[in-house]
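Each value in this text was obtained by applying a stated rule to the coordinates, not by laboratory testing. Being a predicted model, the structure only gives us computed values, none of them experimental. Here the Cβ positions follow ideal geometry from the backbone for every residue, glycine too, while neighbour counts run over all protein chains shown.
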């Protein structure tokens, strides 16, 4: 498992120079290893000890993962400071999470209250996914987005609250397919697009008004 985690970092982070560097210097790797210990303790009924392990891990890595969270294989937490993963969160395989992201709940309800993340999902810096819904496979959450409802597979979500702007690689503007995977910057902005439409409409109306006045 550790070898898979290190390999995932080497494949997805161009700054990673060696496997030894990843093992010694990447807090995301440390947090995942510690979580596996805490999760095992939690499953065996040692809830308090599991929380102690998770809190010690949080102190040293800046990444908070509740011992109850279920994490798949090859999770890559890049930088990781401020990442929070709640108790009933479930994360699939080959997921990438950037710093400041939150997989949280929305209230004090019992039972499932945190999101389920599918395979091959990218959660960009500062994104907040709040609630007991699923983010589908191969989807991408843009930086700073706040997602409050289910996301189908193969979608890109941006904004506050989050809006789906790409689905099944359709509705791409000024982007190429190969740029999508881990790019947190070149994403469509639905608010900016609407403002641009309004601006163009105002210009057209002004021209018509000037023509009538003549």
> Which residue, 150, 204, 11, tops the fluctuation ranking in a GNM of the chain built on C-alpha contacts under 10 Å?
Replying inline: 204
> Helix 27-43 versus the longest principal axis of the chain: what angle, 0 to 90°, nearest 10, using Cα atoms?
Replying inline: 60
> With labels modelled as points extended 7 Å from the Cα through the Cβ direction, what inter-label distance (nm, one decimal) is found for residue 73 paired with residue 52?
Replying inline: 3.3
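Rounded to the nearest 0.05, what FRET efficiency do residue 143 and residue 206 give with R0 = 35 Å and r taken as the Cβ-Cβ distance? Could you check? Present the calculation step by step, with values, prior to reporting the outcome.
Working: r = 35 Å, r/R0 = 1.01.
Calculated value: 0.50.
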> Tilt of helix 190-213 relative to the longest C-alpha principal axis of the chain, in degrees (0 to 90, nearest 10)?
Replying inline: 10
> Taking the chain as a Gaussian network, where each spring joins two C-alpha atoms under 10 Å apart, which residue of 155, 25, 197 fluctuates the most?
Replying inline: 197
> With contacts defined as alpha carbon pairs under 8 Å and 6 or more residues apart, what's the relative contact order of the chain in percent?
Replying inline: 10
> Given 0.36 nm per residue, what is the gain on full extension from residue 17 to residue 59 after removing their alpha carbon distance, in nm?
Replying inline: 12.5 nm
>> What is the distance in Å between the Cα centroid of region 109-174 and that of region 77-105?
In response: 12
> Given springs between every Cα pair under 10 Å in a Gaussian network model of the chain, which of 161, 67, 153 has the largest fluctuation?
Replying inline: 161
> For the Cα atoms of the chain, what angle does the longest principal axis make with the long axis of helix 2-12, in degrees from 0 to 90, nearest 10?
Replying inline: 20
> How large, in Å, is the chain by the Kirkwood hydrodynamic radius built from its alpha-carbon pairs?
Replying inline: 18.6
> Label residue 93 and residue 2 with points 7 Å out from Cα along Cα→Cβ: what is the distance between them in nm?
Replying inline: 2.2
> Between residue 108 and residue 198, what is the spin-label point distance in nm, taking each point 7 Å from the Cα along the Cα→C-beta axis?
Replying inline: 3.9
